[in-house]
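First up is the structure itself, then whatever we jot down about it.
Nothing in this text is a laboratory measurement; each read-out follows from the coordinates by a stated rule. Since the structure is predicted, the reported quantities are computational estimates derived from the model, not experimental observations. Cβ: placed from backbone, ideal geometry, glycine included. Neighbour counts: every protein chain shown.
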Amino acid sequence: MEEVVVVGGGWAGCAAALMAAKKGLPVTLVERTDRLLASGLVGGIMRNNGRYTAAEELKLMGAGELIDITDAAARHRGLDFPGHRHASLYDVEKVELPVERLLARYGVKLLRQCRAVDVVAGNGKIEAIRVLQRDGADLLLRGRAFIDASGTAGPTANCNRFGNGCAMCIYRCPTFGPRVSIAVKAGAVERAVLRRAGTPGYFSGSCELEPTSLAGWLQKELREKGLAIIPLPPEALASQSSVSVEIKACRQYSSEAFVRNLVLLDTGAVKMMVPYMPLAVLRQLEGFEEAVFRDPLGGSRGNSIRFSGVIERDRRLLVPPLENLFVAGERAGLSLGHTEAIVTGTLAGYNAWRICVGEEPVELPRGCACGDLVALTGLGEGWREKHDLVYSLSGGPLWEHLQQQNLYSTDPEEIKRRLDSLGLLQLFAADAPPP
Ligand SMILES: Cc1cc2nc3c(=O)[nH]c(=O)nc-3n(C[C@H](O)[C@H](O)[C@H](O)COP(=O)(O)OP(=O)(O)OC[C@H]3O[C@@H](n4cnc5c(N)ncnc54)[C@H](O)[C@@H]3O)c2cc1C
């Protein structure tokens with residue numbers, strides 16, 4: 001019998017598995033594709049705005065391992081771009097293996113190309129999840145605590161109905177099979193976040209170009225400065241404005257600066273801060289004459305639709321009516337981002353450990369960036385009634401809230417004092433160093 005079973009190997013699932021394993025529990029992490037980190041493989045922006053504070057808080061709480069990996073893989077640090085300060089950009093090709101090795105050091109059993117497809121549940125508890133292995137054989141994974149960190153992208157039908165079709169994105173649903181909501185199968189309530197027009201789900205806020213397909217001068221600028229801001233001519237603007245503002249999950253990239261300009265970031269790929277852009281329009285721009293998309297491959301038409309399946313949970317990330325199911329990452333509410341996923345993943349893993357050792361799961365106290373993130377982004381906890389939005393520590397109402405409450409800081413001493421006063425220092429530290 002497993003102790004903790006985690007479904008989904010994105011940032012949230014990796015953080016959850018790592019946390020429970022750091023506490024000495026046998027942990028199995030089930031990932032439907034052949035790679036870890038999922039949307040983390042097409043992202044890269046860290047430490048922008050309030051994410052800086054949350055990253056430092058994680059480190060002070062004893063859960064800095066994944067932050068350290070992203071810091072070590074950074075191609076650029078301390079970048080300012082419209083609406084964002086002190087961002088770092090990790091190399092999207094350099095983060096996955098260090099994470100995999102770290103999980104292995106702590107003994108996490110990683111089952112790749114294994115897709116959770118069903119649950120065995122009764123009396124308010126999940127007893128086991130049914131997993132479909134690569135060869136089509138069934139595997140029943142029993143456990144005492146379960147964590148659904150399966151993200152909110154896919155299945156393809158959602159991208160067909162609510163987006164522009166399958167964009168052949170990093171989730172690769174046609175190859176590895178669709179996401180399955182084990183939380184819903186166990187009786188949890190799932191809701192879709194609605195775009196302003198009432199359509200479920202949002203497009204991702206960026207897509208990727210192949211760096212070598214851009215003109216030499218543009219490649220050089222990106223390599224040296226980490227970013228390039230290209231003003232859009234009127235004809236491109238018309239096409240750009242129509243797609244950019246209303247459909248992005250990341251509202252922080254919806255300001256006028258992102259409508260009037262193409263903002264490019266160097267993450268190893270060229271991260272272009274629009275959900276998609278017609279190739280014919282893009283290739284009209286100087287420097288983009290031979291541009292090609294990297295991921296999503298259907299990038300001139302679309303992107304994956306996310307946030308069409310968010311689970312109701314409490315502040316401990318426990319999913320009612322179940323006693324042993326937690327959620328993390330995008331599944332856990334209206335928050336998006338790698339840092340955000342690491343925060344909720346860590347708390348879910350910690351609470352999974354607590355119930356395995358007979359302790360009550362805990363909430364993170366309000367009054368720090370991580371605590372307020374968890375408290376304010378759950379479904380049905382007030383904000384959703386006002387705005388049907390997705391929040392992050394780096395933009396939108398949550399970021400404004402952090403600034404208003406003086407919870408945003410880049411001063412290590414100030415952050416440490418705050419966490420000390422909340423009793424959070426080393427909360428998530430390992431009981432023993434890894435073997
Ligand atoms: C194009 C794009 C760019 C982004 N850029 C940034 C950025 O620069 N900075 C930033 O902070 N955030 C960025 N984000 C947002 C950020 O990546 C996500 O909010 C966060 O990483 C989500 O992590 P997650 O673990 O919750 O979900 P995911 O990354 O979606 O991971 C979920 C995992 O669960 C697996 N899974 C699903 N169903 C099953 C199943 N049934 N069985 C087994 N496994 C399953 C999936 O294969 C996947 O690996 C970006 C997102 C996208 C899509």
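Structural remarks
- Axis angle, to the nearest 10 degrees, between helix 11-22 and the longest C-alpha principal axis of the chain: 30 degrees.
- Rounded to two decimals, the Cα radius of gyration of the stretch 205-303 over 2.2 N^0.38 Å is 0.96.
- Total charge dipole magnitude, the stretch 205-303, about the Cα centre, Cβ charges on Lys, Arg, Asp, Glu only, Debye to nearest 20: 220
- Expressed as a fraction of 2.2 N^0.38 Å, the value expected for a compact globular protein of N residues, the C-alpha radius of gyration of the stretch 303-421 is 1.07.
- Charge dipole (the chain, unit charges on Cβ, about Cα centre) - positive-most of G198, P178, S421: P178
- For N48, the residues whose amide H sits under 5 Å from its own are S88, ignoring neighbours fewer than 5 places away on the same chain, with H placed 1.01 Å from N.
- The alpha carbons of the chain give a radius of gyration and a Dmax of 20.5, 63 Å, in that order.
- Sites R366 and A238, calculated FRET efficiency, Cβ-Cβ separation with R0 35 Å, nearest 0.05: 0.20
- Computing FRET efficiency as 1/(1 + (r/R0)^6) for D71 and Q405, where r is the C-beta to C-beta distance and R0 is 22 Å, gives about 0.25.
- Dipole magnitude (debye, nearest 20) for the stretch 295-431, charges at Cβ of Lys, Arg, Asp, Glu: 240
- Measuring between alpha carbons in the structure, the pairs from K94/K416; K23/K109; K59/K248 lying more than 20 angstrom apart are K94/K416; K59/K248.
- Rounded tilt (10° steps) of 412-421 against the dominant C-alpha axis of the chain: 30
- Cβ-based charge dipole, the stretch 205-303, positive-most Cα from S239, A280, T267: T267
- Size of electric dipole in the chain: Cβ of Lys, Arg +1 and of Asp, Glu -1, about Cα centre, debye, nearest 20: 540
- Label-point separation, R35 to L279 (7 Å along Cα→Cβ), nm: 2.0
- Loop-located GluC sites (Glu not before Pro) in the stretch 304-365 whose Cβ has at most 10 other Cβ within 10 Å (DSSP): E359
- Cβ crowding within 10 Å ranks R51, R354, R417 as R417, R354, R51, fewest other Cβ atoms first.
- Protection proxy ranking for 230-236, 204-210, 129-135, 178-184, using the average of other Cβ atoms within 10 Å per residue and placing the highest first: 204-210, 178-184, 129-135, 230-236.
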